[in-house]
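Asker: Quick one: the structure is below, and I'll ask about it shortly.
The values are calculated or read from the model by the stated rules, or taken from the named source; none is laboratory data. Keep in mind that this is a model prediction, so the values were computed, not measured. Ideal geometry is used to build each Cβ from the backbone, glycine not excepted, and the neighbour counts take in all protein chains shown.
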Amino acid sequence: MPLPGGHLARVLLLLLLCLGTFLPGIASLPPTDRDESRFAQATRQMVETGDYVDIRFQDVPRYKKPVGIYWLQAAAVAVTGEGAASPIWVYRLPSMIASMLAVLLLYGLARRFAGEDVAFAAAALLAAALVLNIEARLAKTDATLLLTVVGALGCFGLIYQRVTQGLRTAPWPALAGWAFLGLGVLIKGPIAPLVAGLAVLTLALADRRSGRVGTFLRALRPLSGLLVLAVITAPWLIAISLKTDGAFLSNSVGGDLVPKLLGGEESHGAPPGYYFVTMAAMLWPGGVLFGLSLPWAWANRHRPWVRFALAWGVPGFILFELVPTKLPHYTMPYFPAFLLLGAGAALEAFKPVTRLGRHWRRFVLAVFAAVGVALGLGLAGLEWYFTGGAGTAGLAAVVVALLTVTASLVLISRAAVGRAIAVMVIGAGALYAAAFTTILPGATVLWPAPAIAAELDRLGLTDAPLLVSSGYSEPSLVFLTRTDIRLLSPAEAAAAFAAAPGAVALVEAGSRPGFDAALGGLAVQELAHVRGVNVSRGKPIDIAILRRGPVAP
């Protein structure tokens with residue numbers, strides 16, 4: 001079933017779709033804990049100090065990820081003219097723009113080897129994917145990593161298609177692909193080369209009897225490509241190694257990457273099968289087409305582009321399932337491949353359909369419906385629980401979810417694929433708009449740091465000689481208050497507070513007894529309280545804002 005629209009019209013439509021799905025909420029959603037605020041604060045300190053080589057969060061080296069995302073965020077600060085004190089939306093711009101470019105690149109490159117309709121449908125579904133809509137609104141690495149993976153694998157897919165057709169390939173796809181891998185290294189270390197390398201290795205093994213493996217590998221121009229990668233990555237790696245006496249590489253590899261490979265790092269361990277389960281939500285709504293495509297994909301594995309998409313997505317996904325440390329977004333680099341397969345199968349009405357395939361189809365459609373309804377009900381429940389009643393946005397989310405699921409199921413059953421994709425994309429966009437512009441920002445109890453910053457501003461304490469916090473040390477507090485805020489134990493906070501006239505302390509209720517005992521009877525003014533939930537720890541908090549000095553009469 002062909003989809004409507006010419007090439008330029010589709011590009012413009014995808015651009016509008018990206019703006020409609022990624023933009024709502026980018027400014028209204030408060031800074032999240034913990035990774036986003038750490039990235040944004042480290043970038044802020046780069047801008048404040050003018051040191052664009054070293055990476056620090058307050059006085060602590062932050063040597064887990066390379067410098068690429070910090071440079072992009074610093075560029076956003078410079079372009080917007082907001083300065084180091086830029087609001088969080090400025091630091092999120094690279095993620096939003098990278099998400100848009102990933103969608104456009106998937107269409108622009110995949111159309112050359114998978115066909116116009118397949119590429120367009122996959123790109124539209126990528127723009128609607130839940131996981132990308134989360135990452136597009138966060139000042140982190142993952143959306144930008146996705147861009148580099150789509151760019152690299154898109155170029156290599158084009159090469160593979162031409163090699164299987166017996167055609168010569170120009171140098172630019174290979175060199176561009178290696179350039180994307182170099183950028184990926186600067187964003188998140190070895191992940192992008194790992195994704196690409198495993199796909200190439202899989203194709204080489206699968207095609208070992210075809211006689212074209214050597215041609216394909218030569219067409220990738222590995223020697224020239226490695227040179228391109230080195231030119232992009234080596235200058236900063238050398239600079240940071242010299243500046244830190246090798247501490248960056250030892251910490252990023254030995255302190256971050258290796259522990260994640262060997263065990264559940266940072267309490268994020270999970271057994272194999274975790275990604276298979278969570279993908280139903282992370283890839284929603286387009287994941288339903290991928291689920292339905294599995295019998296079709298296996299039956300059509302002889303097609304070059306299907307073979308390439310399988311090599312891109314399946315082995316790496318399995319590898320990530322075997323790694324102990326897991327978070328739902330870690331497998332996002334494989335989702336474009338899955339959506340290409342889903343789009344390809346859908347456009348051919350998922351043929352062939354076996355008896356086993358019919359049972360699988362019912363299961364996949366049921367999961368799709370359950371996830372959609374759960375999203376709508378979850379958003380409504382979140383609004384009701386944290387705001388004290390059902391609001392318009394929550395009710396709208398339920399209605400939109402039910403309509404999207406029902407209409408999609410009906411259209412899929414009628415093989416009206418184009419309209420089904422349109423319904424899924426529009427419905428998902430409406431859900432995300434409600435979630436990120438109204439429901440999540442409106443649940444203010446989940447965001448203590450903005451409330452604390454607002455109270456400090458209301459009380460005229462933003463320029464206090466010293467600001468300390470005990471019992472609440474989330475990175476968003478640093479980002480929203482000041483770089484030199486001191487995050488201390490109760491005894492340490494009391495000592496610093498007592499030694500600085502005019503000091504201000506933020507003390508969580510659990511730390512208050514120790515703080516008061518260490519003060520030794522020093523008079524303090526209790527100016528305000530902020531109550532909320534520490535989402536990172538999953539517990540309620542009550543933070544007192546204290547100022548040193550006599551109690552007001």
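Asker: Report, by residue number, each residue of segment 279-324 that is within 21 Å of Gly197 (Cα to Cα), touching a Pro at 6+ places or on another chain (Cβ under 8 Å) and surrounded by fewer than 23 Cβ atoms within 10 Å (Cβ to Cβ).
Answerer: Glu321, Leu322 - these are the residues of segment 279-324 that are within 21 Å of Gly197 (Cα to Cα), touching a Pro at 6+ places or on another chain (Cβ under 8 Å) and surrounded by fewer than 23 Cβ atoms within 10 Å (Cβ to Cβ).
Asker: Restricting the search to segment 97-143, which residues are of a type in the set (A, V, I, L, M, F, W, C) and in a loop (DSSP other than H, G, I, E, B)?
Answerer: Residues satisfying the conditions are Phe113, Ala114, Ala129, Ala136, Leu138, Ala139.
Asker: Of the residues Val524, Val551, which is at pLDDT below 95, aliphatic (A, V, I, L, M) and touching a Lys or Arg at 6+ places or on another chain (Cβ under 7 Å)?
Answerer: Sole residue among the options that is at pLDDT below 95, aliphatic (A, V, I, L, M) and touching a Lys or Arg at 6+ places or on another chain (Cβ under 7 Å): Val524.
Asker: Within segment 427-459, which residues are under 21 Å from the mean Cα position of the chain (by Cα) and among the hydrophobic types (A, V, I, L, M, F, W, C)?
Answerer: Of everything in segment 427-459, those that are under 21 Å from the mean Cα position of the chain (by Cα) and among the hydrophobic types (A, V, I, L, M, F, W, C) turn out to be Ala428, Ala430, Leu431, Ala433, Ala434, Ala435, Phe436, Ile439, Leu440, Leu446, Trp447.
Asker: Only one of these is more than 23 Å from Gly115 (Cα to Cα) and either in contact with a Lys or Arg (Cβ under 8 Å, 6 or more places away or on another chain) or crowded, with 22+ Cβ neighbours inside 10 Å (or both): Leu194, Leu186, Leu147. Name it. Spell out the reasoning first.
Answerer: Working: Leu194 fails: either in contact with a Lys or Arg (Cβ under 8 Å, 6 or more places away or on another chain) or crowded, with 22+ Cβ neighbours inside 10 Å (or both); Leu147 fails: more than 23 Å from Gly115 (Cα to Cα).
It is Leu186.
Asker: Check segment 450-472 and report whether any residue there is closer than 19 Å to Asp542 by Cα and in contact with an Asp or Glu (Cβ under 6 Å, 6 or more places away or on another chain).
Answerer: Scanning segment 450-472, I find at least one residue that is closer than 19 Å to Asp542 by Cα and in contact with an Asp or Glu (Cβ under 6 Å, 6 or more places away or on another chain), so the answer is yes.
Asker: Does segment 540-547 contain at least one residue that is touching a Lys or Arg at 6+ places or on another chain (Cβ under 6 Å), under 21 Å from Phe386 (Cα atoms), at pLDDT 95 or above and not aromatic (Phe, Trp, Tyr)? Talk me through it step by step, then tell me what you get.
Answerer: Pass one, segment 540-547, residues touching a Lys or Arg at 6+ places or on another chain (Cβ under 6 Å): 542.
If we keep only those that are under 21 Å from Phe386 (Cα atoms) as well, we get 542.
Next, only the ones that are at pLDDT 95 or above stay: 542.
Retained after the next criterion (residues that are not aromatic (Phe, Trp, Tyr)): 542.
Taking every residue of segment 540-547 in turn, at least one turns out to be touching a Lys or Arg at 6+ places or on another chain (Cβ under 6 Å), under 21 Å from Phe386 (Cα atoms), at pLDDT 95 or above and not aromatic (Phe, Trp, Tyr).
Asker: Criterion first (without any contact (Cβ under 8 Å) to a residue 40 or more places away in the chain and under 23 Å from Ser99 (Cβ atoms)) does Ala176 satisfy it?
Answerer: On the way: without any contact (Cβ under 8 Å) to a residue 40 or more places away in the chain: yes; under 23 Å from Ser99 (Cβ atoms): yes.
For Ala176, the condition - without any contact (Cβ under 8 Å) to a residue 40 or more places away in the chain and under 23 Å from Ser99 (Cβ atoms) - is met.
To keep it simple, each residue is scored yes or no on (1) in contact with a helix residue (DSSP H, G or I) (Cβ under 8 Å, 6 or more places away or on another chain); (2) closer than 22 Å to Ala152 by Cβ; (3) buried (at least 23 other Cβ atoms within 10 Å of the Cβ).
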| residue | (1), (2), (3) |
| --- | --- |
| Ile69 | yes, yes, yes |
| Ala75 | yes, yes, no |
| Gly83 | yes, no, no |
| Ala98 | yes, yes, yes |
| Leu104 | yes, yes, no |
| Gly108 | yes, yes, no |
| Val118 | yes, yes, yes |
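Asker: Which ones in segment 474-521 are surrounded by 18 or more Cβ atoms within 10 Å (Cβ to Cβ), outside any helix (DSSP H, G or I) and β-branched (Val, Ile, Thr)?
Answerer: Those that are surrounded by 18 or more Cβ atoms within 10 Å (Cβ to Cβ), outside any helix (DSSP H, G or I) and β-branched (Val, Ile, Thr): Thr481, Ile485, Val504, Val507.
Residues are listed down the side, and each one gets a yes or a no for (1) farther than 29 Å from Gln73 by Cβ; (2) in a helix (DSSP H, G or I); (3) among the basic types (Lys, Arg):
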position	(1), (2), (3)
Leu167	yes, no, no
Gly177	no, yes, no
Leu181	no, yes, no
Thr202	yes, yes, no
Leu205	yes, yes, no
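Asker: Restricting to segment 496-507, name every residue that is closer than 19 Å to Glu526 by Cβ and not β-branched (Val, Ile, Thr).
Answerer: Applying the first criterion (closer than 19 Å to Glu526 by Cβ) to segment 496-507 yields 496-498, 500-507.
Ala496, Phe497, Ala498, Ala500, Pro501, Gly502, Ala503, Ala505, Leu506 - these are the residues of segment 496-507 that are closer than 19 Å to Glu526 by Cβ and not β-branched (Val, Ile, Thr).
Asker: Assess whether Arg547 counts as being in a loop (DSSP other than H, G, I, E, B) and among the charged types (D, E, K, R). Reasoning before the result, please.
Answerer: Numbers: in a loop (DSSP other than H, G, I, E, B): no; among the charged types (D, E, K, R): yes.
It is false that Arg547 is in a loop (DSSP other than H, G, I, E, B) and among the charged types (D, E, K, R).
Asker: Of the residues that sit in segment 428-466 and are buried (at least 23 other Cβ atoms within 10 Å of the Cβ) and not hydrophobic (A, V, I, L, M, F, W, C), which one is nearest to Ala123 (Cα to Cα)?
Answerer: Tyr432
Asker: Residue by residue through segment 16-29, note down the ones that are surrounded by 17 or more Cβ atoms within 10 Å (Cβ to Cβ) and either under 10 Å from Leu138 (Cα atoms) or without any contact (Cβ under 8 Å) to a residue 40 or more places away in the chain (or both).
Answerer: Ile26, Leu29
Asker: Considering segment 203-233 alone, what residues qualify as being within 15 Å of Ile159 (Cα to Cα) and of a type outside the set (A, V, I, L, M)?
Answerer: Taking segment 203-233 first, the residues within 15 Å of Ile159 (Cα to Cα) are 203-204, 207, 212-222, 225.
Listed by number, the residues that qualify are Asp207, Arg212, Gly214, Thr215, Phe216, Arg218, Arg221, Pro222, Gly225.
Asker: In addition: Inspect segment 435-442 for any residue being hydrophobic (A, V, I, L, M, F, W, C) and part of a loop (DSSP other than H, G, I, E, B) and give the result as yes or no.
Answerer: So the first thing to find is which residues in segment 435-442 are hydrophobic (A, V, I, L, M, F, W, C), and the list is 435-436, 439-440.
When the remaining residues are screened for being part of a loop (DSSP other than H, G, I, E, B), the result is none.
Looking for residues that are hydrophobic (A, V, I, L, M, F, W, C) and part of a loop (DSSP other than H, G, I, E, B), one finds none in segment 435-442, hence no.
Asker: I've got another one for you. Would you check which residues across segment 47-70 are outside any loop (DSSP other than H, G, I, E, B) and without any contact (Cβ under 8 Å) to a residue 60 or more places away in the chain and list them? Working first, answer last.
Answerer: The first filter runs over segment 47-70 and keeps only residues outside any loop (DSSP other than H, G, I, E, B), leaving 47-49, 56-57, 60-61, 68-70.
Selection gives Val47, Thr49, Arg56, Val60, Tyr70.
Asker: Something else now. Just for segment 522-543: of the residues that are of a type in the set (Lys, Arg) and without any contact (Cβ under 8 Å) to a residue 60 or more places away in the chain, which one is surrounded by the fewest Cβ atoms within 10 Å (Cβ to Cβ)?
Answerer: To start, the set of residues in segment 522-543 that are of a type in the set (Lys, Arg) comprises 531, 537, 539.
Of the ones still in play, those that are also without any contact (Cβ under 8 Å) to a residue 60 or more places away in the chain are 537, 539.
Working: Arg537: 11, Lys539: 9.
Ranking the qualifying residues of segment 522-543, first place goes to Lys539.
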